[in-house]
Amino acid sequence: MIETTATYFDGISSVAHPVTVMLNEADASLQFTTHTGKKEWRIALVTYHTVGNMTELHCQNSIMEILQLRDTAFVKELKRLRRRYGHSDIYHRLIDLGWKIHCLIAVGIIALIIVCNIFVLPWMAEKTVNMLPESYDNRLGDMYIMKYISPEEVDSVKTVQLQQFAALMNFGNSRPLRFTLVNSSVVNAYALPNGEIVVYSGLLDAMDSYEELAGVLAHEAMHVNHRHSMKMLARDLSGYLFLSAVLSDVNGIMGVISQNVHTLSSLTYSREFETEADRGAVELLIANHIDPNGMTKLLLHLQKESSGFMPQILSTHPLSAHRITKVEELKKELSYQPKEQPWMKKIFETLKK
């Protein structure tokens with residue numbers, strides 16, 4: 001049994017009473033005598049709060065009463081006894097760790113939140129796309145076309161020619177693909193979730209061969225086949241989609257994505273998705289007996305042009321030395337025998353006029 005001096009408040013008046021407190025290890029209790037008689041607090045019912053070198057003790061049976069102690073050795077022994085009898089809860093264990101450990105825990109929590117926001121939430125949001133039926137991709141793409149592509153911007157004649165060009169290729173697509181040519185100096189092309197592939201005349205003007213156009217269409221078709229635009233949109237909206245995904249609220253997910261349909265043409269694909277689309281495009285060109293060097297040529301051409309200005313296609317489809325290197329490595333891995341495609345060449349020349 002150990003003892004110490006303490007200050008006792010009875011909870012009725014503000015008068016402080018000095019008392020001697022004994023810690024009885026045998027029956028796990030605090031015992032002391034006040035002006036009103038003997039008291040015994042069971043360790044299991046005692047809670048404490050420490051500020052500096054002063055610790056306040058309360059008993060659940062008499063919540064108005066307070067014991068104030070400044071004997072750190074006594075308090076330490078009290079905590080040890082509580083742990084021994086299994087009365088130390090998580091809250092008090094955390095409190096007892098000290099401010100340095102508290103700071104480390106806070107830093108760890110902040111780091112965990114950052115990691116979750118950068119890696120975990122986007123990954124989870126991307127997985128929510130699997131909860132959406134592909135019919136929703138069609139609905140979303142149609143919604144974009146209706147709102148953001150004016151019929152006056154579409155070159156109807158060259159759109160037909162572009163579709164004729166694409167009809168000469170097998171894209172291995174699981175859904176119908178449609179091709180639209182928009183009159184604009186913007187150097188860009190993008191794929192919508194519904195299989196609509198939009199090519200701007202500014203990008204067409206930057207090409208020198210039909211193989212380059214075939215490469216662009218193949219690349220965009222891969223984005224459609226792998227639902228990349230839906231996945232990137234989900235990643236960008238990961239914070240909003242998290243709760244809906246946890247609750248399996250498909251309607252909630254659809255609602256959030258629909259409100260951000262306007263971003264579809266400006267989504268920036270990740271390096272992972274660009275690499276996947278590049279690989280699929282090269283394999284597709286080879287399967288169609290089209291020279292894949294046209295794709296490399298276009299990438300190098302765009303890289304050279306970007307020294308003076310940044311084509312929009314490079315902001316939505318980031319171009320890096322890594323992409324070009326991967327395409328070159330893939331061409332070396334695969335055997336191919338390209339054939340001249342006179343009809344594609346003829347349509348391409350017509351499109352360029």
| Thr5: accessible area at probe 1.4 Å, nearest 10 Å²? | 100
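Carbon and sulfur: what percent of segment 1-71's accessible surface (1.4 Å probe)? Could you put the intermediate results ahead of the total?
On the way: 2140 of 3930 Å².
Using a 1.4 Å probe with all protein chains present, segment 1-71 comes out at 54 percent carbon and sulfur.
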| query | Ordering Met54, Met169 from largest to smallest accessible area (1.4 angstrom probe), what's the sequence? | reply | Met54, Met169
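The values are calculated or read from the model by the stated rules, or taken from the named source; none is laboratory data. Keep in mind that this is a model prediction, so the values were computed, not measured. We work out accessible area using only protein heavy atoms, side chains counted, and drop any ligands, DNA or RNA first. Shrake-Rupley method; radii C 1.70, N 1.55, O 1.52, S 1.80 Å.
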